[in-house]
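Structure in structure tokens, see below.
The values are calculated or read from the model by the stated rules, or taken from the named source; none is laboratory data. Keep in mind that what you see is a predicted model, and the values were worked out from it rather than measured. Note that we place each Cβ from the backbone using ideal geometry, even for glycine, and neighbour counts take in every protein chain shown. Ligands, DNA and RNA are stripped out before the accessible areas are found, and what is left, the full protein with its side chains, is counted by its heavy atoms. Shrake-Rupley method; radii C 1.70, N 1.55, O 1.52, S 1.80 Å.
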Amino acid sequence: LAAASAAGRRSIEVAITFGIKPPRGSMLLDGTPSWAFDATFEPSSPWAQRAMLRMCADTDTTEGLGVLESDCWVVDFKEWLNRKDATFPVQRFGDFQAELDGFLASGRTAPTTIWTDEQSKMRATSFFIKVDPADTVSGTMDGRTRWLNYVTSKNDGAATVASQAWASSKAWVEAEAYQEALSSTWMVTALSLLAILAAGLLYTGDVEIIGMTIAIAVVASCFLCFVMFCIFQWALGPWELILMTVFLTYSIEPVFRIGRDFVMPPQGVAEPPGADASLALEGPQGGAK
């Protein structure tokens, strides 16, 4: 989830995007998600330039975001304009695109992510921020919540021309996928236990036997958990839950057979040859007549 930052610390990358509308509610069978430019985003507007600058500059002073370093070209763009005695933001009747082209041609070393249209005018952009990674998946998701709340608050305070920004991170996608997989696996495990209980009741017809069988299986599963998590030091995840579920379902089947034979012993078992004759030769006290 994390990559090495320029300062040598591990980090995750958060991208804040202006001018692109992400797909909403894409389903599995909907095909390739469609992305489109945000028609309300106007980078040439002074309000939009201020909104982009505030979005980047305020990350350092906002508690809980864990910013390590940021790559926001709009901050460098402002400094570049100030050095040439120009004002930021570029005014409505100024030539924003010409100023931006001059800035990009000035030799900025950091990468600049900008989307343009057919007329080579800016339509969208992204800023990238290095963030201190969390130690756990739940911590990563908590950080995601703080970032989404931050971006939402900045959108609420921005003008319409720059109020649809959104944040994303590969680490968030991986953490959310992990949580969804773990949640689904727990559900499968619970359904498997219910299926085992129902099948055992139908097969043996004895609640007491089923209770003892499940208790034995739980003890065996606890021993397996001890081996996996304490001795092997594995982390609890979807694959570990699947392994435990498979172990439980396979180990319970022979126990059901034993329980059924105990409750309903096989009928018509032939007695050993000569059993009646041996009984006839024995007297009341067990001696021969």
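Determine, yes or no, whether Gly107 is of a type outside the set (Ser, Thr, Tyr) and surrounded by 11 or more Cβ atoms within 10 Å (Cβ to Cβ).
Here the answer is no, as Gly107 does not meet what is asked.
Please determine whether any residue of segment 116-124 is modelled with pLDDT under 95, of a type in the set (Asp, Glu) and under 21 Å from Ile20 (Cα atoms).
yes
How about segment 133-186: which of its residues are of a type in the set (Asp, Glu) and either without any contact (Cβ under 8 Å) to a residue 12 or more places away in the chain or more than 25 Å from Arg9 (Cβ to Cβ) (or both)?
Asp135, Asp142, Asp156, Glu180
Rundown of residues vs (1) closer than 30 Å to Val137 by Cβ; (2) of a type outside the set (A, V, I, L, M, F, W, C); (3) surrounded by 12 or more Cβ atoms within 10 Å (Cβ to Cβ), yes/no style:
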site: Ala199; (1), (2), (3): no, no, yes
site: Thr204; (1), (2), (3): no, yes, yes
site: Ile210; (1), (2), (3): no, no, yes
site: Ile216; (1), (2), (3): no, no, yes
site: Gly237; (1), (2), (3): yes, yes, yes
site: Tyr250; (1), (2), (3): yes, yes, no
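Here's another thing I want to ask about it. Which count do you get for residues in segment 147-180 that are assigned to a helix (DSSP H, G or I) and more than 30 Å from Glu240 (Cα to Cα)?
Qualifying residue count for the region: 13.
Name, by its number, the condition in (1) over 22 Å from Leu81 (Cβ atoms); (2) assigned to a helix (DSSP H, G or I); (3) over 21 Å from the mean Cα position of the chain (by Cα); (4) not charged (D, E, K, R) that does not hold for Gln119.
(2)
Ok, one more. Pairs only if they're at least six apart or on different chains, beta carbon under 8 angstrom, first in segment 83-98 and surrounded by 14 or more Cβ atoms within 10 Å (Cβ to Cβ) and modelled with pLDDT of 90 or more, second in a loop (DSSP other than H, G, I, E, B) and among the hydrophobic types (A, V, I, L, M, F, W, C); list them, first residue then second.
That search, which allows pairs on different chains as well, returns Phe96/Val90.
Can you tell me which residues in segment 136-177 are loosely packed, with under 15 Cβ neighbours inside 10 Å and in contact with a strand residue (DSSP E or B) (Cβ under 8 Å, 6 or more places away or on another chain)?
Of everything in segment 136-177, those that are loosely packed, with under 15 Cβ neighbours inside 10 Å and in contact with a strand residue (DSSP E or B) (Cβ under 8 Å, 6 or more places away or on another chain) turn out to be Leu148, Lys170.
Hey, could you check segment 30-66 for residues that are of a type in the set (D, E, K, R) and in contact (Cβ under 8 Å) with a residue 24 or more places away in the chain and say which is surrounded by the fewest Cβ atoms within 10 Å (Cβ to Cβ)?
Asp58
Let me ask something else. Going by the conditions given, is Ser126 open to solvent by less than 20 Å² (accessible area, probe 1.4 Å), polar (S, T, N, Q) and touching a Lys or Arg at 6+ places or on another chain (Cβ under 9 Å)?
no
What about Ser5, is it farther than 23 Å from Thr160 by Cβ, at pLDDT below 90 and surrounded by 13 or more Cβ atoms within 10 Å (Cβ to Cβ)?
yes
Now for a separate question. Looking only at segment 67-82, which residues are open to solvent by 60 Å² or more (accessible area, probe 1.4 Å) and either without any contact (Cβ under 8 Å) to a residue 40 or more places away in the chain or under 15 Å from Glu99 (Cβ atoms) (or both)?
Lys78, Glu79, Asn82
Got a sec? Which of Thr136, Thr145 is of a type in the set (Ser, Thr, Tyr) and farther than 22 Å from Pro23 by Cβ?
Result: Thr136 is the single residue among Thr136, Thr145 that is of a type in the set (Ser, Thr, Tyr) and farther than 22 Å from Pro23 by Cβ.
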